[in-house]
Amino acid sequence: MSISFDETPDDIRVPLFYMEFDNSRAVSGTPGVEYKLLVLGQMLPTGIADEATPVRVLSPDHAVNLFGRGSMLAGMFDAAKLADRYLETWCIPLKDAEAGTAAVGTVVFSGAATGTGVLNCYIAGQRVRASVPALATAAEVATALADAINAALDLPVTASAATETITLTARHKGECGNDVDIRFNYYTGEALPAGLTVAITSMVNGAGNPEIADAIAGFGDEWWNALVVPWTDGSNMAALEIELLDRWGPTNMKDGIAYTAMKGTHSESATWGNARNGHLSSCMPTGASPTPPWIWAAVYAVVASGSLSIDPARPLQTLALTGILPPLHGDRWTMEERNLLLYDGLATFSVDSGGVARIERAITTYQKNVYGLADPSYLDVTTPATLSYIRYAFRARITQKYPRHKLADDGTRFGPGQAIVTPSIIRAEFFALFRELEEAGLVENFDQYKADLIVERDADDRNRLNFLSPPDIINGLIILAGKTQFRL
């Protein structure tokens, strides 16, 4: 009997008809990936979620219930769901570090209003408004604004007023509080009421981030295609990069790309970028944006992942970072400054004429090889994303079509229907899959692939088949340079 049955015994004598089903050839074409985005962040004691345990988040209201209103995570999911309502999103929440401290800042008014007006105060990119009647004193204005801040329960700070001074305290302990932006009058036409002046002391002294290792312990065996990480301190980044590399490896293959963001000057951003070198993480410095970096990270990850889940090779440039308030015009980095950041392992954004922040170039933090020499092999986020998909496609094809096959040398004579493969059969399967990936716009140069592909039986382990697959992954149109040579 030449046919390899899986379930039908060959010694059965009871009549009459038996038929089993085999799904190994039921699926054709390149496989789809169920994309999952995992968000890490801090929750408040008012949240009901279990710490360090994955939970699926369905909506912004769901996030408020799980993590507490005004929490970092509630804000992240509000922004993420605004940018993409359909991407499957999960979260592993962490509580504040017990040893941490909360950041504090102040707003001090002086003078008195000489007419009616409105205060437009922006805290972490969210506008808080308070009416100012004519002749209102600085102390009265401070009290009115503090009340308005405390009424805005989604803000990441609380307020207290004493005479002319408002003290703002971050809801969370940790470094995140230092990144809460405080300003007045972001949009054209907004101005302080006449007679009033204000002095702002930025949020400072927040310290003690949660340990990302506690969240990593909750990753389990799940495949998280993308991760949002709000903490950019060296210790947490190092732990994250180790975990991502392990997941990227050939015995794990649950790889994912981590997205983060940081607030700081151009020099501070460059220093941070030059301290990192990972091809599975991408950081976008925010400059002087009113929107806090953890919101930037969430939006960046959702927008990038939404595109990569459809086509991992398509460049991400021009995609809108929905809901982000970019730096004001005079605070935006120049093209020369952004180009320097791209050599420091940092992604960049641009701002269009309508004030919308858009991805300019999404790159990883990888910059140098093991010898410390410049290495652009993993420059763009699309490169590891495409490689990840190609590996998944090969894995899905082989495990679907040849789950329980025997292995024989080329030239072995066996009957049709036998569950046997040879190196040449697998080689032909690789060629066919490459053509499908080529049709999908993910690879190119089939002749090179055909010439360089190696599939051979292991000389020492006769149950093992080794292969060297050299796909030429397709590139993105990032630069178009030309020269116009005119004549008169």
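Since every read-out is calculated from the coordinates, none of them should be taken as a lab result. Being a predicted model, the structure only gives us computed values, none of them experimental. Methodologically, a virtual Cβ is constructed for each residue, glycine included, from the backbone with ideal geometry; neighbour enumeration extends over all protein chains shown.
For the chain, the C-alpha radius of gyration sits at 1.22 times the compact-globule guess of 2.2 N^0.38 Å, with N the residue count.
Here 192, 227 are placed in order of increasing Cβ neighbour count within 10 Å, fewest first, which gives 192, 227.
When +1 charges are put on Lys and Arg Cβ atoms and -1 charges on Asp and Glu Cβ atoms, the dipole computed for the chain relative to its Cα centre reaches about 800 debye.
Can you sort 259, 186 so the residue with the fewest Cβ neighbours within 10 Å comes first? Walk me through the numbers before you get to the answer.
Details: 259 28, 186 15.
Ordered from fewest to most neighbouring Cβ atoms within 10 Å, 259, 186 come out as 186, 259.
Counting neighbouring beta carbons within 10 Å and listing from fewest to most, the residues 279, 62 come out as 62, 279.
Under 5 Å between amide hydrogens, built in the peptide plane, is the criterion, and for residue 136 it picks out 113 among residues at least 5 positions away or on other chains. The per residue volume of the convex hull around the alpha-carbon atoms of region 338-384 is 66 Å³. For region 221-326, the square roots of the Cα gyration tensor eigenvalues, ordered a ≥ b ≥ c, give a/c of at least 1.5 with a/b no greater than b/c, which places it in the oblate category. Taking 12 Å as the straight-line reach from the Cα of residue 401, the aspartates and glutamates in range (excluding those fewer than 8 positions away in the same chain) are 22, 429. Using +1 at the Cβ of each Lys and Arg and -1 at the Cβ of each Asp and Glu in region 404-488, identify which of 486, 471, 405 lies farthest towards the dipole's positive end. Farthest along the dipole direction, towards plus: 486. Across all Cα pairs in region 274-388, the calculated P(r) in 10 Å bins from zero up to the longest distance comes to 14, 46, 32, 7, 0 percent per bin. Note on region 158-246: with charges restricted to the Cβ of Lys and Arg (+1) and Asp and Glu (-1), its dipole about the Cα centre is near 620 debye. Judged by the gyration tensor of its Cα atoms, with axes a ≥ b ≥ c, region 404-488 is prolate; a/c meets the 1.5 cut and a/b is the larger of a/b and b/c.
Give the distance, in whole Å, between the Cα centre of region 175-222 and the Cα centre of region 400-472. Here the answer is 54 Å between Cα centres.
Using a/c under 1.5 as the rounded threshold, could you call region 102-204 rounded, prolate or oblate? The axes a ≥ b ≥ c are square roots of the C-alpha gyration tensor eigenvalues, and prolate needs a/b larger than b/c, oblate otherwise. Working shown, then result.
Values: a/c = 2.01, a/b = 1.67, b/c = 1.21.
Prolate.
The residue list 291, 117, 248 was ranked by how far each Cα lies along the charge dipole of the chain toward its positive end, using unit charges on Cβ atoms, and 117 comes out on top.
For residue 194, the residues whose modelled amide H falls within less than 5 Å of its own, excluding neighbours fewer than 5 places apart on the same chain, are 114, 115.
DSSP beta bridges fully contained in the chain are about 70 percent antiparallel. For residue 126, no residue whose modelled amide H falls within less than 5 Å of its own remains once neighbours fewer than 5 places apart on the same chain are excluded.
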